[in-house]
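Here is the structure we will look at, set down as structure tokens.
Bear in mind these aren't lab numbers, they're just calculated from the coordinates by the rules spelled out. Nothing here was measured: the structure is a model prediction, and the numbers come from that model. Methodologically, a virtual Cβ is constructed for each residue, glycine included, from the backbone with ideal geometry; neighbour enumeration extends over all protein chains shown.
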Amino acid sequence: MDRFVRALIKWRAGGRPEPARTLPVAQLRDRYAAQAAHARGGDARDADIETKDHLLDVVDGEFGVRTYLPPADRGRLVTYLHGGGWMVGDVDTHDPVCRRIAHDLGAVVVSVDYRRAPEHPHPGPLRDGIAASEWADRAFPGRQHVIAGDSAGGALAIGIAMHHRDHGGIGFAAQLLVYPPADPYLRSESARRYGTGYLSDVDDLRWYYDQYVPDPAHRTDPEINLLGADHRGLPPTVIGTAEFDPLHDEGVELAVRLAAHGVQVHHVPASGLVHGYLLMADIVPAAAVATRNVLAAVEQMLAPVPMAQ
């Protein structure tokens, strides 16, 4: 394991944190936000990116998005769904991630502040993500549009891609899924091997599913049980996994199944890292490298190297 990650695990364990599943939702969200803020460092790219918050009206209410305009615009657009078990996280916790994407890909980024469980269970966050992707496509037309997300946001991202495929909607140029949850039953070997002591507790992951999909009958829905979904016709996909992650094997299996359905897939493993490494890129050098690697894989899909004549 990366020595910086090991130190981070030891530091957090020293505070004897209560399991996520035992905390009131408001307190859990505050703790997640504080941890994200602690991991954020200064970066020169911050001053070069213009941001603006927008409020989107939908049939049953409203939610926000934040746009990031890159200093060197290369005609790309990324709709981004943040992680956090569908319950925590927001556009502020993932602000550094979206700045890196805007800077490294030269893309306008639309970060979605979707309404979260348990107040808004499935399919609420997915519907917000679909609406946000449609708003982004209208607001920034004619661009290579990438749908992206980390953790729970990765599952939302592929669910959004499946919706547009099935309804003749946006033809995404690519999708980026970083350590996505793909099996609501958490049956993999990595869930057993790394289920405790690696910052993401598998019992907490089960609890997140309970809040997001309270009706067990819906856990077979394709946007929840991603390993059982029809992946045909989905856009070229980059999947990032972390070695010491309960969700590691699910990400690997999802990559295999996408490829079996004819989808172009680039799997980017991150040795020595844990779930959530995108949020550690300012304080863990290996996490910064892994972040650059997944974005480089997206870059390669958007601008493939020409074949030699």
What residue among ALA148, ALA39, ALA191 shows peak mean-square fluctuation when the chain is described by a Gaussian network model with Cα springs under 10 Å? ALA39
Have a look at ALA136, TYR80, VAL59 and report the one farthest towards the positive end of the charge dipole of segment 1-138, computed about the Cα centre with Cβ charges (Lys/Arg +1, Asp/Glu -1). TYR80
note: segment 3-302, Cα-Cα separations exceeding 30 Å make up a percent value of 23 percent
Under the definition of Cα pairs under 8 Å and six or more residues apart, what whole-number percent is the relative contact order of the chain? 18 percent
Spacing of the two label points (7 Å from each Cα toward its C-beta) at ARG187 and ASP57, in nm: 4.6 nm
Only counting other Cβ atoms within 10 Å, I'd like MET1, MET280, MET162 sorted with the fewest neighbours first. MET1, MET162, MET280
Where GluC sites (Glu not before Pro) fall in DSSP loop in segment 48-148, at most 11 other Cβ within 10 Å: GLU119
Which of rounded, prolate, oblate describes segment 215-309, given a ≥ b ≥ c as roots of the alpha-carbon gyration tensor eigenvalues and a/c under 1.5 marking rounded, otherwise prolate only if a/b is larger than b/c? oblate
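Can you sort PHE4, PHE244 so the residue with the fewest Cβ neighbours within 10 Å comes first?
Values: PHE4 16, PHE244 24.
Exposure proxy ranking, most exposed first: PHE4, PHE244.
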Segment 68-145 - percent relative contact order, Cα under 8 Å, separation 6 or more: 41 percent
Shape verdict for segment 1-115, please, from the Cα gyration tensor: rounded (a/c under 1.5), prolate (a/b greater than b/c) or oblate. oblate
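What is the sum of charges around PRO19, taking Lys and Arg as +1, Asp and Glu as -1, for the other residues whose C-beta is under 14 Å from the C-beta of PRO19?
On the way: positive: ARG12, ARG16, ARG21, ARG31, ARG206; negative: GLU18, ASP201, ASP203, ASP204, ASP210.
So the surrounding residues net to 0.
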